Amino acid sequence: MNELQASSPMVLMHPSSYANTAAASSGWVFTGDFDGDLVCIQQVGAITGSLAGGFDTAQSSTGASAASVNFFNEGAFTSVSAASNCQKRTVSCSALGGWVRYRPTIATGPATLSVTISGIKRAGN
């Protein structure tokens, strides 16, 4: 099976202009039915100040025991202060608490961005 064809994308932030950190933070999404690695893509369009992308993981949709996601292989997202930037990071699903959210830091918004995650769901999900 081709893994790219089998991947299931989930949009965390639809392409739009976000004024500040609170506006650009997604809700919690369930990732407990994914296997292997989860691909996290942040795409930034027009930006006024700067943006430092980040993801949190938790054990529930309320953010219980929330912690920052560590992207061990690629490191944290690089801070963005210029338009037209796309970055990808991967994380093992076994390192996640079952729920993730996108939580950037925007200094002097707005920032136009979109965020998507993608991975392979376990059989039967």
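Six or more apart or on different chains, Cβ atoms under 9 Å: show the pairs whose first residue is in region 112-125 and among the basic types (Lys, Arg) and whose second is part of a strand (DSSP E or B) and surrounded by fewer than 17 Cβ atoms within 10 Å (Cβ to Cβ).
Matching pairs, first to second residue: Lys121/Ser8; Lys121/Asp35; Arg122/Asp35.
For region 27-34, does any single residue satisfy the condition of being at negative phi, touching a residue at least 40 places away in the same chain (Cβ under 8 Å) and among the β-branched types (Val, Ile, Thr)?
yes
May I ask you to verify whether Ala123 is assigned to a loop (DSSP other than H, G, I, E, B), over 19 Å from Ala24 (Cβ atoms) and either at pLDDT 95 or above or not polar (S, T, N, Q) (or both)?
Yes.
Could you tell me which numbered condition Leu4 fails, if it satisfies all but one of (1) out of contact with any strand residue (DSSP E or B) (no Cβ under 6 Å at 6 or more places or on another chain); (2) closer than 13 Å to Ala111 by Cβ; (3) not in a strand (DSSP E or B)?
Result: Leu4 passes all but (2).
Only one of these is under 16 Å from Arg103 (Cβ atoms), assigned to a strand (DSSP E or B) and touching a Lys or Arg at 6+ places or on another chain (Cβ under 7 Å): Asp35, Asp56. Name it.
Asp56
Please go through region 30-47 and pick out each residue that is exposed (fewer than 15 other Cβ atoms within 10 Å of the Cβ) and aliphatic (A, V, I, L, M).
Correct list: Ala46 only.
The values are calculated or read from the model by the stated rules, or taken from the named source; none is laboratory data. These numbers were taken from a predicted model, which means no experiment stands behind them. Ideal geometry is used to build each Cβ from the backbone, glycine not excepted, and the neighbour counts take in all protein chains shown.
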